[in-house]
Each structure stands twice: as C-alpha cells, then as structure tokens.
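S.K.: Structure incoming, see below.
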Amino acid sequence: MLDKNKLSMKRLYRNLITLFCVVLLLGSCTQKKVVIGVSQCGSGVWREKVNKEMRLAQYQYKNVDLLFATAENDGQRQARQIDSMIAKKVDLIVVAPDNVNDVTPAIERAYRAHIPVILFDRKVKSAHYTASIGGDNVEAGREVARFLASKLGGKGTVLEITGLKDASPVIERHRGFHEVMKNYPGIKVVTLDSNWKMERAQELMKQYLDKGGHVDGVFGHSDLGAIGAFQEAERRGIYKQMLIVGIDGLPGIWEGVDRVKRGHFAASYVYPTQGEKIMELAMNILQGKPYKKDNVMQSFLATPENCDAIALQYQDLEAKVKNLDQISGSLDTYTEVSRIQKWMIIVAIVIVLVLLFVIYYIYKVYRKKLQKQKAVARGFIENKEGWAAELNHLDESERYFMDRFKKKILENMGNADMKMDDLGAEMQLSKVQLYRKVKAMTGKTPAELLKEMRLQRAYTLLQQTDKTISEVSAEVGFAVPGYFSSCFKKQFGVLPTDIRNEQATKKE
C-alpha cells in the first residue's frame, strides 16, 4: 500500500508541475512583445529629441519595446552594438550610422539575419537595408549656400565647419553647398573638418583667425559647430561682422532658433527629427503594411523673419509633449500595475486549479478507500468461506487480523453479554486499538460490525430454518426480541415476521 501511495503522490506532483508550467506559458504567450533596437551614432539635444519622440509614439502601438544604444561617435562601437541587437533577435533595428566604413558591414549582417533595418538621418555604402528616413542633406547644403550667397551679395569669404568627414550628412551637405557656391565665383569657401563638437569648432575658428584669416560668413554643419564659431567671434568682438548659419534649428534656450532670435545666428536650417514618423515606418514594416523604401522629410530655414513664429510653434509643441510625457508616465504606471495584476490573476488561477486538483485527488483517494472499506465490511458480514483472501488491497497481516476477528465474533455471536473489551482482550488488543484497526479497514466500528453480522445471520436463519423469531433472536445474541425486530427492520426494511410470512406463502 505504501508503494502505491508513493506512486500516486509522484503522479500528483508531476501533474501539478505540468499544470503550473502550462498556465505560466499561456500567461507569458498571450501577447508577444515587439522589440525595436535604436542605434544612435551619438548623443546630444537633437538625438535626445528623436529618442523622446519615438518613446512617445510607441504608446500608439501595443506591446512595443524600444532598446536604445548610443555609440558616442565611435563607428566600431556602433557595429558591436548592432551585432548585440542581432544576437538578441530584435524585430527591427533603426540605425543612424556614425560613418559609412565601420557601420556598413554590421548593417548588412542584420539584413542577412532577416532583421529589417531602417537607416535614419544617414546613409551607408550598401543597398542592403529595408528603408531609410531623414532630411535631404544635399538640399540642406544648397539652402544654406543660397541664403549666404544672397545675403553676401555674391562676394566674400565663407568658412565651412563640417562634422566627421566619413559621415554621410557631412558628405551630402558639403556636396550640396558647393553645388550652389560654384555659381558664385566672388565667394571664397574655406572648409575646416571638425567632429560635431562645439569645442573643436571654436578651436578651428581660433586657429583660422590667428593666422589672419578673414570671415564674412560661417556655415556650420550643425548648430554646435556654428555656436563654437560664434563663441570665438564673440570673444574677439567681431561676431556682428559675419553671418553665421547652422543646421538643426532645435527649440529651447540657447539652441538654434533662439540663437537666431538673439541675433547670434543669421539663420538655422531646421533639420527634422520626427521620431513619430520613424515609429510609423517601423510598424508599417513589421505589420506588413505598404511603405516607401526611401522617405525624405522636407524642411526650411529659421530666419529673423520667421523665428518668432517657429518659437511659438515649438512652445506649443513642448507643452503638448510635456502633457504626453505625463500621459506616458501614467501609462507606464498603469502598464506596470496591469502586468502585476495579470500575474496575480495567473497565480490565483494556478492556486485555484491546484486546490481543485488536490480536492479531486483527495476525493478520489477517499472514494477508493471507502470502496475498499465497504468490500472488507461486506465480506466480513457475509458468512463466505475464504473471504479475506479475496481482499487484494490488504496485506497478509491485515487479512489475518480480520479473519481472526471474524472467527472470534462467530464463536461469541450467541452471547448477548459479549463486550468489545473482552473481545479485544482475547485478541491481545485494547478497546481503543481494536476500534482504530477495525474502523480503518472497514469504515465501521467493531460494535457496528457485530450488530450487522448478527442481523445478517438472523436473516439467513429466518429463510433457511423453521426456528421461531425468539429463537433466532437469542441465537444471534439479541436478548430482547422486540429490540431485535426493530434493528432488523432498520437494516433490511422489513420485519422478521414479514420474512417468516413470505416463507410460509412459498411453502403453500
């Protein structure tokens, strides 16, 4: 019996573990997360604005996670970051390449791994990408050239301060700028290669002026480059003698548009961020919706004539973004609470299922035990030869005990004064030990078994002999015939006289 119980418990544990794993699997697979990796070539206000817009836009879509990485203007580092995203099997990668040489192979590896790639703001030396989105850098260079040429009247010296020379925006802005400037032979262009940093631009401006260089206009490939040039010119007290133009046109104090408004810049080309457009393109690709491979975002120059209107638009947009930030914060809180509640529900379901399973198991074990006890009691009460040997669920010692107990009862059945204490003593057991042992195996007390056995014997005697009811009552150990008749009726639903009359009718 112990071995069978151990096997049953092992099956129960195995079933519970399987059930728990299935529920957890169902809970975790209800909604698949889409993971979009974003690899920025560097940091700074402009790229932070892009990231912020993407984060806000992601709330338009369900179950989207953004994984951000910044290469800090290190192409090899960015290639490693992209490889890491490939290893994590993200669903899509948005890349603003640091330079075309180091990053192109990593983008091709992602493309070959069947991970869609969106080039943002910059290009690479490969056609192995899914889509691109960003401003028209060639047109930005042309627009700045046309503006400076017009303001200078086609004469003067313009200092061009670039970003990193291997970056596609630098290559394209330089090309667009010179396409226009070659039409103005009266303008001399001096190109200084920088690295997008304000400090480096200021140092280049200082070196140029220290050598006696003359400047009528400055074209910074970014607002940071333009600010570096301005700071050196301001230090020398000559910034009002030159026209300074940058590219970015960001909102906020001391940024591009604000510099135009203060008179530090003659203009700033508003280079579009529009992170929400990037998210829209990414989700169209992932959801199998139509999309264009190359997407160009048009822009314009912020000048003293329109900078106030642009600043107001930025302020209005900033207020909306702030409101969206608050909403997104609430959404994050709600999402976290919802996630916790979901797992609490899953745990509650698991607990309920486990409890139901345990209750069912206990019921099944109890029912099986009850059936076995009934079988023992039935065999015990019925005077059948070799009954104990048929009870396979009992071990040998238990069958021996029940067989011996039955024989003792049969020997003393006619004794109306027989007590369980005396019967237990004959079997070398106390009354309590006898009670527990018999109850465990039959579900009945020794007294109940004795009474039912006596009544069963009486029923047989009434059917098979001509003895009177009083004689039968005395033979099976009932001292009072009236009490015997009452117990008989309760056990079989008929009186002893009914059995006797039935026998008489059959004989006739």
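S.K.: In the list PHE478, PHE488, which residue meets the criterion of being closer than 14 Å to ASN415 by Cα and open to solvent by less than 30 Å² (accessible area, probe 1.4 Å)?
M.R.: Matching residue, one of PHE478, PHE488: PHE478.
S.K.: May I pose another question? How many of the residues in segment 178-195 are buried (at least 22 other Cβ atoms within 10 Å of the Cβ) and touching a His at 6+ places or on another chain (Cβ under 9 Å)?
M.R.: Our first condition is that a residue be buried (at least 22 other Cβ atoms within 10 Å of the Cβ); within segment 178-195, this holds for 181, 194.
Cutting the leftovers down to touching a His at 6+ places or on another chain (Cβ under 9 Å) gives us 194.
Of the residues in that region, 1 qualify.
S.K.: Ok, one more. For segment 114-130, check the following and say yes or no: at least one residue is within 15 Å of SER222 (Cα to Cα), surrounded by fewer than 22 Cβ atoms within 10 Å (Cβ to Cβ) and among the acidic types (Asp, Glu).
M.R.: Within segment 114-130 (the criterion being within 15 Å of SER222 (Cα to Cα), surrounded by fewer than 22 Cβ atoms within 10 Å (Cβ to Cβ) and among the acidic types (Asp, Glu)), the answer is no, since none of the residues qualifies.
S.K.: Within segment 84-105, how many residues turn out to be touching a helix residue (DSSP H, G or I) at 6+ places or on another chain (Cβ under 8 Å) and under 19 Å from ALA282 (Cα atoms)?
M.R.: Counting residues in segment 84-105 that are touching a helix residue (DSSP H, G or I) at 6+ places or on another chain (Cβ under 8 Å) and under 19 Å from ALA282 (Cα atoms) gives 9.
S.K.: Looking at segment 447-474, which of its residues are in a helix (DSSP H, G or I), farther than 23 Å from MET402 by Cα and either of a type in the set (Asp, Glu) or touching a residue at least 12 places away in the same chain (Cβ under 8 Å) (or both)? If you could, list the steps in order and put the result at the bottom.
M.R.: At the first step, the residues of segment 447-474 found to be in a helix (DSSP H, G or I) are 447-464, 469-474.
Now drop any that are not farther than 23 Å from MET402 by Cα, which leaves 461-464, 469-474.
LEU461, LEU462, GLN463, ILE469, GLU471, VAL472, SER473, ALA474, listed by residue number.
S.K.: Output yes when any residue across segment 146-158 is open to solvent by 10 Å² or more (accessible area, probe 1.4 Å) and touching a helix residue (DSSP H, G or I) at 6+ places or on another chain (Cβ under 8 Å), and no when none is.
M.R.: Within segment 146-158, one or more residues are open to solvent by 10 Å² or more (accessible area, probe 1.4 Å) and touching a helix residue (DSSP H, G or I) at 6+ places or on another chain (Cβ under 8 Å).
S.K.: Would you confirm whether any residue within segment 408-426 is without any contact (Cβ under 8 Å) to a residue 40 or more places away in the chain and among the β-branched types (Val, Ile, Thr)?
M.R.: The answer is no, given that none of the residues of segment 408-426 is without any contact (Cβ under 8 Å) to a residue 40 or more places away in the chain and among the β-branched types (Val, Ile, Thr).
S.K.: Name the pairs whose Cβ atoms lie under 9 Å apart, with the first residue in segment 162-182 and in contact (Cβ under 8 Å) with a residue 12 or more places away in the chain and closer than 15 Å to VAL245 by Cα, the second surrounded by fewer than 18 Cβ atoms within 10 Å (Cβ to Cβ) and among the basic types (Lys, Arg), and 6 or more positions between them or separate chains?
M.R.: Matching pairs, first to second residue: HIS174/LYS165.
S.K.: Based on what the data block shows, is LEU224 under 21 Å from ARG47 (Cα atoms), assigned to a helix (DSSP H, G or I), open to solvent by less than 30 Å² (accessible area, probe 1.4 Å) and not β-branched (Val, Ile, Thr)?
M.R.: When the stated conditions are applied, LEU224 does not pass them.
S.K.: Residues ASP216, ASP248: which one is over 42 Å from the mean Cα position of the chain (by Cα) and open to solvent by 10 Å² or more (accessible area, probe 1.4 Å)?
M.R.: Working: ASP248 fails: over 42 Å from the mean Cα position of the chain (by Cα).
From the options ASP216, ASP248, the qualifying one is ASP216.
The values are calculated or read from the model by the stated rules, or taken from the named source; none is laboratory data. These numbers come from a predicted model, not from an experiment. For neighbour counting, all protein chains shown are included, and Cβ atoms are generated from backbone atoms with ideal geometry for every residue, glycine included. Each accessible area value is taken on the protein alone, full model and side chains, heavy atoms only, with ligands, DNA and RNA left out. Shrake-Rupley method; radii C 1.70, N 1.55, O 1.52, S 1.80 Å.
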